[in-house]
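A short worksheet on the structure shown next.
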Amino acid sequence: MQNSFEIAVFQGDGIGPEIMSPTLEILRDMAAAGGYGLNFVDAPAGAAHYAQTGESFPAASMDAARSADAILLSAMGLPDVRYPDGTEISPQIDLRKALTLFAGVRPVTVRPGQPTPLALAGGQSIDFVLIRESTEGLFYTQGCGEVEADEARETLRITRAISEPLFRFAFDLAKARQTSGRSPGKVTCVDKANVFRAFAFFREMFDAEAARHPEIEATHAYVDATALWMVEKPWEFDVMVTENMFGDILSDLGAGLMGGLGLAPSADIGHDHAVFQPCHGSAPDIAGKGVANPMAMILSAAMMLDWLGDKHDVAQMKADGNRLRAAVDAVVAKGQTLTRDLGGTASTAEVAASIRAALA
């Protein structure tokens, strides 16, 4: 059984290095206490690297990602550093496509005591997972769309080769959540099949996979209705699966339910590789001030421990993923050490220290 793992680390842009540093410190301590090894290998990439070198994603960094057991990636991109065609530098999207990371996993959880713009009944919580297809959809021609004087075109692409494993992943996740007692076991396909033939094709493949899982409830919802229901009755969702662009938009809505992007972790998972990163951006306006919220980065690291523990059958890593999530939940619920995006005044270092104390 493997118990030592190489992690490719992309430090990111803006606040990226500031939130990555305490995350790595926490992971080192947990690995040392838990009896497994985590070897962190820096992989330079991103907008700042492009500004300095003219190269956004060195081949050596891609090689490091391919050979690593997992990839930990901080916030990437800077709005004022762009390619000549005007698009932003996005190594995270390059990784998704190069490594075929088709399942973008975006958990949405609101625990009792956690700040949220919703008026939840006493003791009510929200716990669902949005799975965003991450390699094609409306992002298929990213950077390669056709632009003419009076017309522009982008291509939405949905394939069987990607959609079928995406739906298997969604139903397997719902089954795991059902078995653990975390949810009743339901998958909702979010699409626009009433308008676009591509989404009718998407739905047909979903229904075919649903037929293989009679123990899991399978439902459909149009994306516009889903946006409404995520605000009106988000507690009714369990696992949602959708196209790339729809997922990109709805995942930010999910982050809003949690109180902000500072609490929104994510993973992009394929057959052999996985990337773990916060959903938020690089926030260059606060970079270097020590006030960035590290929680989404730390929660993404917890997802990495889950995935590695499941894949390699290391019970301690799975237990540590749960411990790390519980520590963040405890700090948020207590409400005394929060960064300003969550209504507090604490620094990045103070939040990280509170999470370490909760772990202890």
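Rule-based calculations on the coordinates, nothing more; no lab input. The shown structure was predicted, so the numbers you read here are calculated from the model rather than taken from an experiment. A quick note on method: Cβ atoms are made from the backbone with ideal geometry, for glycine too, and the neighbour counts reach across all protein chains shown.
Laid out as a table, the results:
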quantity	calculated
Coil-residue GluC sites (Glu not before Pro) of the range 128-165, DSSP, other Cβ within 10 Å capped at 12	E148, E151
Virtual spin-label span in nm between W235 and I249, 7 Å along Cα→Cβ	2.8
Top positive-direction residue, dipole computed over the range 1-152 with Cβ charges, set A103, T87, H49	A103
Kirkwood-based shape ratio for the range 146-268, expressed as Rg/Rh from alpha carbons	1.00
Size of electric dipole in the chain: Cβ of Lys, Arg +1 and of Asp, Glu -1, about Cα centre, debye, nearest 20	1060
For the range 234-333: span of alpha carbons on each principal axis (Å, largest first)	41, 33, 28
For the chain, calculated [θ]222 nm from helices alone, where every DSSP H run of n ≥ 4 adds -39500 (n - 2.57)	-13500 deg cm²/dmol
Dipole of the chain, positive direction: furthest Cα of A292, A33, A264, with charges on the beta-carbon	A33
Relative compactness, the range 126-203, computed as alpha-carbon Rg over 2.2 N^0.38 Å	1.40
Net charge over other residues, Cβ less than 12 angstrom from the Cβ of A59 (K, R count +1; D, E count -1)	-2
Net charge of Cβ neighbours under 11 Å - reference G260; Lys, Arg +1; Asp, Glu -1	-1
Neighbour net charge for R203 - beta-carbon separation under 10 angstrom, K R +1, D E -1	-2
Listed residues V190, M317, A200: farthest to the positive end of the dipole of the chain (Cβ charges)	M317
Simple label model, 7 Å out from Cα along Cβ direction - D85 to D224, nm	3.1
Dipole moment magnitude, nearest 20 debye, the range 1-131 about Cα centre, only Lys, Arg, Asp, Glu C-beta charged	420
Gaussian network model of the chain, Cα within-10 Å springs - most flexible of G104, G185, G54	G54
Kirkwood Rh and Cα Rg combined as Rg/Rh, the chain	0.95
Gain in span if fully extended, R153 to R28, counting 0.36 nm per residue against the direct Cα distance	40.3 nm
Spacing of the two label points (7 Å from each Cα toward its C-beta) at D207 and H271, in nm	2.8
Rounded if a/c under 1.5, otherwise prolate or oblate - the range 31-171, Cα gyration tensor axes	oblate
DSSP-defined antiparallel bridges as percent of all bridges, the range 105-260, nearest 5	40
Cα centre as origin, Lys/Arg/Asp/Glu Cβ charges: the range 105-260 dipole, Debye	660
Taking W307, W229 and counting other C-beta atoms within 10 Å, the order from fewest to most	W229, W307
Sorted by Cβ neighbour density within 10 Å, fewest at the top, the residues H280, H220, H213	H220, H213, H280
Candidates per GluC sites (Glu not before Pro) in the range 178-225, loop by DSSP, up to 12 other Cβ within 10 Å	E215
